[in-house]
Amino acid sequence: MKKIDLHCHVIQYPQYAPTSLRGQQILSVEEQLSVLDKLNTEIGVLLPCVSYESQWLLNTNESYKSIVDANPDRFMWFCNIDPRMGEYSSKTDLSFFINHFKSLGAKGVGEITTPLYADDPMMDNLFYHCAQCDMPVLIHIAPQHGDTYGIVDDLGLPRFEKMLKKHPDMKLIGHSAAFWGEISDDLTQNMRNDYPTGKVKEGRMPKLMREYGNLYADLSAGSGSNAMMRDPEYAAKFLTEFADRIYYGTDVCSVHNTFQYEFDVFLIKLVDDKMLSRENYEKIIRKNAAKLLGIE
């Protein structure tokens, strides 16, 4: 069964773009297609970057729509909405923008990385309009303002819980080290941007998943793969319990990344070792995303 990758980034014109301070560059379209092929992935979902903080390169909704149009059999896309756009107000009609891009084929909103608190009135407004437009929203959680990027929440994710409770019709897809670190209750503030190791003792995030049916999870990046691979036994239990609300993704941002191949082997081994059923594996790598994206 071919996978669907819910978390991809590319650059449309690499010849004009700067590298990061680490000397790396986001994948070109051709490089991303190569990664998809190596992982037996049919469709990659492109997530634009439109909030400038901590980004050295912005990728607009318009550029990603253009890439999807040129590669309709390999890519789909989410639009990205900065909650400050328009009038820089918590009363901006963000449905106007979301529905515009939805009419052009966008299947969701994200990856949201704006450095506002999760319960800031402008974030609240964005979540409200995502629910109104029936568009899932994929977010990157940050542990603090500055020296990182993303929507800010405190240890234990109390601000996101407030939003999950206030907007029950909003489908929120969680991602980032600060999100996945909450899988275990040994997380501390100074570990929230790292990849914790060791056995998992159930933390706040699985409890939120259990309590709020509108919270979903994106397995992408080193953060998602680390959260699973640090404790295979707990990973199997987690993936089994929440198999209907977990999406496979990679978030490969450089040709130097290799974690995605190691994680692919890990998931297959869980199935081979009968720790994860084939049915649940297929939900995670394809069927859940296919339902979200309207793919038969």
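Only the coordinates and a few stated rules stand behind these numbers; no lab work does. Since this is a predicted model, take the numbers as computed values, not measurements. So basically every Cβ, Gly included, is an ideal-geometry build from the backbone, and we count neighbours across all protein chains shown.
Being closer than 29 Å to residue 36 by Cα, among the aromatic types (Phe, Trp, Tyr), crowded, with 16+ Cβ neighbours inside 10 Å and out of contact with any helix residue (DSSP H, G or I) (no Cβ under 7 Å at 6 or more places or on another chain) narrows it down to one residue among 195, 247, 234; which is it?
Working: 195 fails: out of contact with any helix residue (DSSP H, G or I) (no Cβ under 7 Å at 6 or more places or on another chain); 247 fails: out of contact with any helix residue (DSSP H, G or I) (no Cβ under 7 Å at 6 or more places or on another chain).
Selected residue: 234, the only one of 195, 247, 234 that is closer than 29 Å to residue 36 by Cα, among the aromatic types (Phe, Trp, Tyr), crowded, with 16+ Cβ neighbours inside 10 Å and out of contact with any helix residue (DSSP H, G or I) (no Cβ under 7 Å at 6 or more places or on another chain).
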* State whether one or more residues within region 138-145 are under 20 Å from residue 53 (Cα atoms) and either out of contact with any strand residue (DSSP E or B) (no Cβ under 9 Å at 6 or more places or on another chain) or of a type in the set (S, T, N, Q) (or both). => yes
* To do: Within region 127-140, identify whether any single residue is touching a Phe, Trp or Tyr at 6+ places or on another chain (Cβ under 7 Å) and either acidic (Asp, Glu) or in contact (Cβ under 8 Å) with a residue 40 or more places away in the chain (or both), and answer yes or no.
  => yes
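Considering only region 4-57, state which residues are of a type in the set (D, E, K, R) and closer than 30 Å to residue 295 by Cα.
Result: 5, 30, 31, 37, 38, 42.
Restricting to region 1-58, give me the number of residues that are of a type in the set (S, T, N, Q), touching a Ser or Thr at 6+ places or on another chain (Cβ under 7 Å) and touching a residue at least 60 places away in the same chain (Cβ under 8 Å). I'd like the intermediate steps shown before the answer.
As a first pass, look at region 1-58 and keep what is of a type in the set (S, T, N, Q): 12, 15, 19-20, 24-25, 28, 32, 34, 40-41, 51, 54-55.
Right, trim to touching a Ser or Thr at 6+ places or on another chain (Cβ under 7 Å) and you get 12, 24-25, 51, 54.
Remaining after also requiring touching a residue at least 60 places away in the same chain (Cβ under 8 Å): 24-25, 51, 54.
Within region 1-58, residues that are of a type in the set (S, T, N, Q), touching a Ser or Thr at 6+ places or on another chain (Cβ under 7 Å) and touching a residue at least 60 places away in the same chain (Cβ under 8 Å) number 4.
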* Collect the residues in region 46-79 that are among the hydrophobic types (A, V, I, L, M, F, W, C) and either assigned to a loop (DSSP other than H, G, I, E, B) or farther than 12 Å from residue 11 by Cα (or both), keeping them in residue-number order. => 47, 50, 56, 57, 58, 68, 70, 75, 76, 77, 78, 79
* Can you tell me which residues in region 41-59 are within 17 Å of residue 72 (Cα to Cα) and surrounded by fewer than 19 Cβ atoms within 10 Å (Cβ to Cβ)? -> 42
* Asked: In this structure, is residue 151 without any contact (Cβ under 8 Å) to a residue 40 or more places away in the chain and buried (at least 18 other Cβ atoms within 10 Å of the Cβ)?
  -> yes
